[in-house]
Each structure stands twice: as structure tokens, then as C-alpha cells.
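The values are calculated or read from the model by the stated rules, or taken from the named source; none is laboratory data. Computed from a predicted model, the values in this text were never measured in an experiment. When we count neighbours, we look across all protein chains shown, and the Cβ atoms used for this are built from the backbone with ideal geometry, even at glycine. Accessible surface is based on the protein model in full, side chains and every heavy atom, while ligands, DNA and RNA are left aside. Shrake-Rupley method; radii C 1.70, N 1.55, O 1.52, S 1.80 Å.
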Amino acid sequence: MNSTLNALKSTITVPFSRPTIAGKELEYLQQALDQRRWSGDQIFSQKCEQLLETLLAAPKVMVVPSCTAGLEMAAMLIDVQPGDEIILPSFTFVSTANAFVLRGAKLVFVDVRPDTLNIDERLIESAITAKTKAICVVHYAGVSVEMNPVLEVAKKHGLYVIEDAAQAIDSFYFDRPLGTLGDLAAFSFHETKNISCGEGGALIINDAKWTLPAEIIREKGTNRSQFFRGEVDKYTWVGPGSSYLTSEFTSAVLLAQLESIKKICDARRDLWQKYHLALEDLESRGKLSRQVVPSHCKANGHIYWIMLEGPDIRDSVIKKLREQGIVATFHYQSLHTTKIGRAQSGICNELPVTENASDCLLRLPLYNDMPNPEAIVEQLAKAL
Ligand SMILES: *Cc1c(COP(=O)(O)O)cnc(C)c1O
């Protein structure tokens, strides 16, 4: 078994994803070592935060260990209580749900739109009850959720909007950066995302009233941040909290990446566009349907996905591409079909678009120094 796996691995010539090296990572890591201040909320973390605050025009950004951590902080900040209901898509990563499940919330899954695979904004209002606390949207593939109707319905019913913007850095909705549209948002800087420091994330605070509470949660429930600013003369335990800081080494790598954000994301957008053109013919021949980016959304080239006719053809395409050394892959297995997903949501209606995406979606390799997408599409055409 092991030797078979190793043999397969050695034949990969096009992995599914690969982080970009922006250039200054080593230089900044050396500086971080030399500064002899290695823990969280110091020089490099603060530089990353300032850069993101400028980029997003957000009142406060906090570098955190992961998008998962950022979502957990968001759930604490809006004070999710046991029994509160959270509206979210089922076609998402587990962290979107776990952040709320950890606080005892009940999940209310809503289906996604077939074009973007983002939560279907038209289905949200009928999912709202007296217990609904928040809507957590996910900008899948870095393409914006239809936010204006979401914000409108949230306002009408007095609900918070949290953005799982894990995949959505440098993406826009009518020229507004994703991550700045809801009350709180989180980005991911995991190895597989456009901008990466291995494991990392950012919490975007769009209302300054949450800055101090977030500082307390991040610093183990203490007012240590205020102490360092000289605002209090001792620091002490003031509330529930955890450790949501990142070391300076992580932030050093992240700063190098963030300084190259436009270059990295523009290169991905170019690759995305090449895929899109190269796949036009296969779509017109009815072999697949291509990903859609609505014209009022600017995406970041995070994922290129296609939809195939069924799970059998998808699995056979995955296998045939793999034989050519190319790694293409499926995506989320819907949360509502898992045992824990069912337990956390009670009765859940069928979500046909979500289930179809779990069965038929294929993601193609996309990373900055990849071979020409046309070459991948040529192999894909043969595999179909
Ligand atoms: C990657 C991802 C996450 C998790 O990000 P981490 O930084 O690994 O915690 C959460 N939600 C979505 C939609 C993601 O794509």
C-alpha cells in the first residue's frame, strides 16, 4: 500500500496548490529573530494589521492564528448563547459551523445559488425565527455573496452578519472589499489560500465598539493590551478569553506576503481568466459548466471550479488526470449530510444545489508558478 502511494506521489507534476514565495520572507524572519521579541502583538503583527487596515479601510484588524480562530472570536464577540440559531450555508468548511457549535448554537442551513455556490440570499428570510442571532455568509472561491439583500434582511430583523472571508482577500463587491461588509469577518492565511504564512488568519472588526472586547478575548481574557498602552497600571483577568495571538515569525512571513498582495492576486486572476477562456469550448459542447463571477463582483482567482454531470464522471476525471500527474479535486461534503451536522441542526430540509455541488464539482490546479492552464484543459478534455 505504502509503496503504491509513494509511486503515485512521485508521478505528480502539477499539484493542486502550492504557496507563493513573495521574496522578503527570509529577510523579515531574520529581523524577527534579531529583534528578540517573538510573542504576539508586537512589531510584525502590528505592521500586518496596519497594512490590512489601510487596504480595507477597516477600523481594526487583528492578526490571529487562523480563520477558524477569527470566527470563534466573532461568535464570542456577538455573544452567541446556547439555543441561538445561526443561518449559514451547508456547502462550506467545518470551521464556519464549529465556531458557533462551540457556543451551543443551533445551525440553520440554507441552500446555495447554482451560479456562485454562495448562500442563496432569496432563501434567508424564510429561515429566520425569533431565535436567530446571526447570518454567517461564506464568499466561496473568493466570489462575493449577494451582500446587499443579505444586509437588508439582517437589518430588518436585527441580526448580525459575520463574513467567513477565508478565501476572499482582495475580492470586491461593487468596489467594496470583502471582509468589510458584515459586522465582523475573518480571512485565512492557511498554506492553501492566496496569501499565506502556513497557518494564520485575521479578524476584521468593522465596528470599533468590538476592538477592546476582542483584545481581551485574544489576550486570555485579560486587559494586557491596555496595560501595554499605559491605559491601566496593572493587568488582570477581566472576562472569558483564550490565546488568539500569532508569533512574530508567523507575522514576519505574513508581512512579506501582504506587501505583495496585488502582484500575487493579479497573477492568480490571470490564470483564472486563462482557464475560463480555455474551457469555453467544452462548455459550449455541453461537457461541463464553468464557474460564474457576476459582473459586479471582482474575485481574487482563489479557485477555478467546474461542474460535471455526475459523481461517476467526476471521479473518473479525477483518476485520469491523476494518471497524467495532475491533481484536481472535489470540494466540500455538505455539512448537513454528516452525523454531527444533522445533530446540530435538527431537522434539515434537502438542499439540492448544495448536494449537487458536493457530488459534481471539480477544482482545477491553481497556483502562481503553475504550467499554462491551457495544457491542463487539454488533458481535461481527453479525460472527459
Ligand atoms: C480555509 C477555510 C477556513 C479555515 O481557515 P483556517 O485558517 O485554516 O482556519 C474556513 N472557512 C473557509 C470557507 C475556508 O476556505
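Residues R122, R37, R224, ordered by accessible area of protein heavy atoms at a 1.4 angstrom probe radius and largest first, appear as R122, R37, R224. Give the residue from P365, H296, C265 lying farthest towards the positive end of the charge dipole for region 261-383; charges sit on Cβ (+1 for Lys and Arg, -1 for Asp and Glu) and the dipole is referred to the Cα centre. Toward the positive end, the furthest listed residue is C265.
Which value, in debye to the nearest 20, gives the size of the charge dipole of the chain about its Cα centre, when Lys and Arg are +1 and Asp and Glu are -1 at the Cβ?
460 debye
Measuring nothing but how far apart in sequence close Cα pairs (under 8 Å, 6+ apart) lie, relative to its length, region 232-384 scores a relative contact order of 28 percent. When only Cα pairs below 8 angstrom with a gap of at least 6 residues are kept, the chain shows a relative contact order of 23 percent. In this structure E152 has an accessible area near 130 Å², from a 1.4 Å probe over the protein heavy atoms. What separates the Cα centres of region 209-238 and region 335-384 is a distance of 42 Å. For K234, the lysines whose Cα comes closer than 30 Å to its Cα, not counting residues fewer than 8 places off in the same chain, are K47, K60, K209, K220. Residues with beta-carbon under 11 Å from that of E146, excluding E146: net charge, scoring Lys, Arg +1 and Asp, Glu -1? Here the charged neighbours net out to -2. Once backbone amide H atoms are built at 1.01 Å from N, G201 has V64, S66, F189 as its partners under 5 Å, excluding neighbours fewer than 5 places away on the same chain.
Count charges around L308 for me, please; just the other residues with Cβ under 10 Å from its Cβ, Lys/Arg as +1, Asp/Glu as -1. Surrounding charge for L308 is -2. Taking packing as the residue-averaged number of other Cβ atoms within 10 angstrom, the listed peptides 173-186, 315-328 run from highest to lowest as 173-186, 315-328. The overall shape of the chain is oblate: from the C-alpha gyration tensor, with semi-axes ordered a ≥ b ≥ c, the ratio a/c is 1.5 or greater and a/b is no larger than b/c.
Using a/c under 1.5 as the rounded threshold, could you call region 78-146 rounded, prolate or oblate? The axes a ≥ b ≥ c are square roots of the C-alpha gyration tensor eigenvalues, and prolate needs a/b larger than b/c, oblate otherwise.
Because a/c hits 1.5 or more and a/b fails to exceed b/c, region 78-146 counts as oblate.
Using a probe of 1.4 angstrom, how much of the accessible area of the chain is carbon and sulfur, in percent? Percent of accessible area from carbon and sulfur atoms in the chain: 53. For a test of the definition: using alpha carbon positions, the gyration tensor, and the 1.5 limit on a/c, classify region 67-110 as rounded, prolate or oblate. The shape class here is oblate.
For S90, the amide hydrogen comes within under 5 Å of the amide hydrogens of V110, counting only partners 5 or more places away or on other chains and with H modelled in the peptide plane.
Within the straight-line cut-off of under 24 Å between alpha carbons, the lysines reachable from K274 are K193, K262, K263, K287, K298, K319, K320, K382, sequence neighbours fewer than 8 places apart in one chain being disregarded.
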